[in-house]
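The structure appears right after this line, and notes come after that.
Every number in this text was worked out from the coordinates using simple rules, so none of it is lab data. Keep in mind it's a predicted model, so treat the numbers as computed, not measured. Every residue, glycine among them, receives a Cβ derived from its backbone with ideal geometry; neighbour counts consider all protein chains shown.
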2 protein chains.
Amino acid sequence: MSDPRVINWNGDDYLTTMSHLRLVSSEDGIYFTEDTSFPVLFPEGRHESYGIEDCRVAFIEGKWYLTYTAVSSNGVAVGMRSTSDWKSFTNHGLILPPHNKDCALFEEKIGGKYLILHRPSSPEIGGNYIWIAESPDLLHWGGHQCLAKTRRGSWDSARIGAGCSPIRTPDGWLMIYHGADENNRYCLGAMLLDLKNPSKVLLRSVDPLFFPEMSYEKEGFFGNVVFSCGQLVDGDRITMYYGASDQYICRAELSLKDILDSLNN
Amino acid sequence: MSDPRVINWNGDDYLTTMSHLRLVSSEDGIYFTEDTSFPVLFPEGRHESYGIEDCRVAFIEGKWYLTYTAVSSNGVAVGMRSTSDWKSFTNHGLILPPHNKDCALFEEKIGGKYLILHRPSSPEIGGNYIWIAESPDLLHWGGHQCLAKTRRGSWDSARIGAGCSPIRTPDGWLMIYHGADENNRYCLGAMLLDLKNPSKVLLRSVDPLFFPEMSYEKEGFFGNVVFSCGQLVDGDRITMYYGASDQYICRAELSLKDILDSLNN
């Protein structure tokens, strides 16, 4: 969740923490322990030297693909690693160049291509919008299209980014996404994407589905933030894991039908 | 050369000019005429609605590939079209997402992959650096690596970007690039990239090879700019075409040997 905390970006870079990834496991989805027989994933190489964070995991054709934000003095980009056993990992390098974050893979091919959601940012013209791209092999990406923009005056006016892999429903691909406003208040909403052509947004939350309301969501290292990178789907039930205030990891249960109903109203 | 001139980026967008591409031809490389039997290339679709500009052309396996800056309210990205006859063109869409410019293809495969130079920009951490990426098919790109950065206190301190396709020499790939300083003075320099592994910079100009000195290079629509997107190579002679002050198209002759000598000194 957290950005690497750099005291001095422009002089000699000095990090007080180093973002990295750890695998924790649970029998019930509530109490988690760390199994130390699984390796900790540390930053590797010159494109990850300030840390790796905000990892999404997609399960595709028998392998897990981890897409994450890779931060270094070269910029903020999207790295990818894959594994079939969580013991050994292949590092695929940067699949998207700076400035990019919030990268989530679709878990199946559509129209013969792999698809990805990502969030490039622009220093001028453009903004912090969600884009979609396609690939023949998960490693090389093209056919980039802007999928959805921020909305002026709304809860998602300053930046938006995909959560984890979209959920296939009979009505379309359901994507949970985060949106922030000018005050850096992060909420969660949803979009429904066309089943055959996911570059088409069918429906989008007018109001947030989920917003900071508990004390731990409102106050912390970076307060007023709910931000999700992972979920479990079991029939109608979505168990969503989310970061609160860049300090806590929380769990919420949502109904798929309720979300779809909220989009239709 | 020119950016689209937008009076009001944030309100109702209003362009006073629309960048587009025209083919001109010449018998001697000095006097050019426009053959109107060739089509004018206009922006197409929602990712090019503010114009297309700064086109580089690479000749690969019997086809010309045009990589150019595609500007729209979605951002500034890299579009690509290809042609085998300059009469009909295939539009490949955006091959790189925002914010990206200055995209030049290598004209042959290296290590079984196509390679590209590009210039993403970052709103925070990172900068306006030259990157390199690889592709199996010219359409989808991955394995992004930062190739070269701006240099503090130098003529190329604020932003750098590749010119056109690198030139194969026995010593390495010679790339002519532009660099700008904090005062937006644009000069041209060179880098020599490793022949087998072009992600490795062997040599780089300490001083610019070419800088604004003539009146038409110092004064114009956007003064103090020399900027090249095209060149002809004939033995030792490089005929470089370049924009001056975002207003004129100029021509200069350089010696390949002189450039290599300047890099070695």
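Structure summary
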item	result
Centre separation in Å (Cα based) which lies between the range B:213-227 and the range A:40-106	43
Cα-based reach from residue A:218 at 12 Å (exclusive), listing aspartates and glutamates while leaving out same-chain residues under 8 positions away	A:246
Nonlocal amide H pairs with residue B:99, under 5 Å, H built at 1.01 Å	A:99, A:121, B:121
Over the range A:144-223: Rg over Rh, Cα atoms, Kirkwood Rh	1.01
Shape category assigned to chain A from the gyration tensor of Cα positions, a/c cut at 1.5	rounded
Charge tally in the Cβ shell below 12 Å around residue B:204, where Lys, Arg are +1 and Asp, Glu are -1, residue B:204 excluded	+1
Dipole moment magnitude, nearest 20 debye, the protein assembly as shown about Cα centre, only Lys, Arg, Asp, Glu C-beta charged	300
Proxy reagent accessibility, fewest Cβ within 10 Å first, across A:106, B:42	B:42, A:106
Cβ-based exposure ranking for A:205, A:26, in which fewest neighbours within 10 Å come first	A:26, A:205
Charge tally in the Cβ shell below 14 Å around residue A:85, where Lys, Arg are +1 and Asp, Glu are -1, residue A:85 excluded	+2
Partners for residue A:257 among aspartates and glutamates (Cα-Cα distance below 16 Å; same-chain residues under 8 apart left out)	A:171, A:234, A:236
Residue of A:122, A:72, A:157 that the Gaussian network model of chain A assigns the largest fluctuation, springs spanning Cα pairs under 10 Å	A:122
The range B:33-100, Cα convex hull volume normalised per residue, Å³	93
Span per principal axis, largest first, for the Cα atoms of the range A:110-265 (Å)	46, 42, 31
Cross-link reach list, lysines versus residue B:63, counting only Cα pairs under 28 Å and skipping chain neighbours closer than eight places	A:113, B:87, B:101, B:109, B:113, B:196, B:200
Relative contact order (%) - the range A:121-224, alpha-carbon pairs under 8 angstrom, separation at least six	18
Average Cα contact separation per residue, the range B:6-264, under 8 Å, 6 or more apart, as relative contact order %	10
Ranking of B:22, B:185, B:159 by count of other Cβ atoms within 10 Å, fewest first	B:22, B:185, B:159
Percent RCO, i.e. relative contact order, over the range A:202-250, from Cα pairs under 8 Å lying at least 6 residues apart	33
Projected-area average for the protein assembly as shown over all orientations - Cα convex hull basis, square nanometres	26.2
